[in-house]
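K.L.:
Below you'll find the structure I mean.
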Amino acid sequence: MSVPDDIEVRVVGSGDGQAMMQFLLEHYYREEPLTVGCSPPEPDEADKEFLLSNIPHGACLIALQGGTRIVGALVAGPKDAHEADHLTEELVKHAGTKWGRILSLLTRIERQTNVCQRYGIPSAMHVHAVGVDPTLRRRGVAALLVKAVEELARSQGHRLVVSDCSSSYSARLMERLGYELIHTIRYDEFLDESGQQIIRPPAPHDCIKTFVTLL
Ligand SMILES: CC(=O)NCCCCNC(=N)N
């Protein structure tokens, strides 16, 4: 599995936000289990804005083929011990919407994992999204993006990279990269007050797993 040699990774600048989002809409959101596990199938505007809001932190990446075609993207941003409170504010703002339902799961995970407290660190780099063009999968492009964000995290002074892998494919990627599994929630355990399953992704995506690596 060698990455094609015409693939390069670049940090997403403010001018590339729309191109990155166009790629995510075509090759990420259409398969991301939390997105496809809630109706309607499209991501809320607030979800897209949340991912785009990470660009100024300088840790969002795109993989380019031949210097022009985006074939992969990774959205990451720093967080501190107050992240669960920040997510809760966003959750309250979007209560009752699709993004609110997704945030209720991500907020529960954040409260239960709280890696800054668990590892005694002031901050961590959180990988929010990873997507690769279907025609270039299983060629190491996602691994290239994750290794690049690890370097960026180091250069920005973070000691840990963490990601909530909503798909069995991203979970397998992180396992293969030697990340440690620290938390799992089964989608059939994430129920609303009337006992209904809130997020119902297609097989084989039966759980969301949180992986970490110390840098
Ligand atoms: C690594 C990765 O892609 N994790 C998915 C987390 C859920 C983000 N989903 C939406 N923003 N819709």
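K.L.:
For the range 183-215, enumerate the residues that are of a type in the set (Ser, Thr, Tyr) and surrounded by 11 or more Cβ atoms within 10 Å (Cβ to Cβ).
P.N.:
Thr184, Tyr187, Thr210, Thr213
K.L.:
Among the residues in the range 113-125, are any under 21 Å from Asp44 (Cα atoms), in contact (Cβ under 8 Å) with a residue 24 or more places away in the chain, surrounded by 14 or more Cβ atoms within 10 Å (Cβ to Cβ) and of a type in the set (S, T, N, Q)?
P.N.:
No, that holds for no residue.
K.L.:
Same structure again: So, in the range 86-111, exactly how many residues are surrounded by 14 or more Cβ atoms within 10 Å (Cβ to Cβ) and either part of a loop (DSSP other than H, G, I, E, B) or at pLDDT below 95 (or both)?
P.N.:
Of the residues in that region, 2 qualify.
K.L.:
Here's something else I'd like to know. Looking at Thr97, Thr113, can you tell me which residue is closer than 19 Å to Glu32 by Cα and of a type in the set (Ser, Thr, Tyr)?
P.N.:
Result: Thr97 is the single residue among Thr97, Thr113 that is closer than 19 Å to Glu32 by Cα and of a type in the set (Ser, Thr, Tyr).
K.L.:
On to the next question. Check Thr184, Thr107, Thr135 and return the single one that is closer than 30 Å to Glu8 by Cβ and out of contact with any Asp or Glu (no Cβ under 7 Å at 6 or more places or on another chain).
P.N.:
Just a single option satisfies the conditions, and that option is Thr135.
K.L.:
Continuing with this model, one more query. Identify the single condition in (1) more than 15 Å from the ligand (Cβ to nearest atom); (2) hydroxyl-bearing (Ser, Thr, Tyr); (3) free of Cβ contacts under 8 Å to residues at least 24 places away in the same chain that Thr107 does not satisfy, given that it satisfies every other one.
P.N.:
(1)
K.L.:
Find the residue count for the range 39-75, including only residues that are under 18 Å from Trp99 (Cα atoms) and not β-branched (Val, Ile, Thr).
P.N.:
Residues meeting the conditions: 16.
K.L.:
Does the range 67-85 include one or more residues that are more than 17 Å from the chain's Cα centre (by Cα) and at pLDDT below 95?
P.N.:
yes
K.L.:
Taking the range 196-215 only, how many residues are in contact (Cβ under 8 Å) with a residue 40 or more places away in the chain and more than 17 Å from Cys116 (Cα to Cα)?
P.N.:
Number of matching residues: 8.
The values are calculated or read from the model by the stated rules, or taken from the named source; none is laboratory data. Treat the numbers as computed from the prediction; the structure is a model and nothing was measured. Using ideal geometry, Cβ is built from the backbone for each residue, glycine included, and neighbour counts are taken over all protein chains shown.
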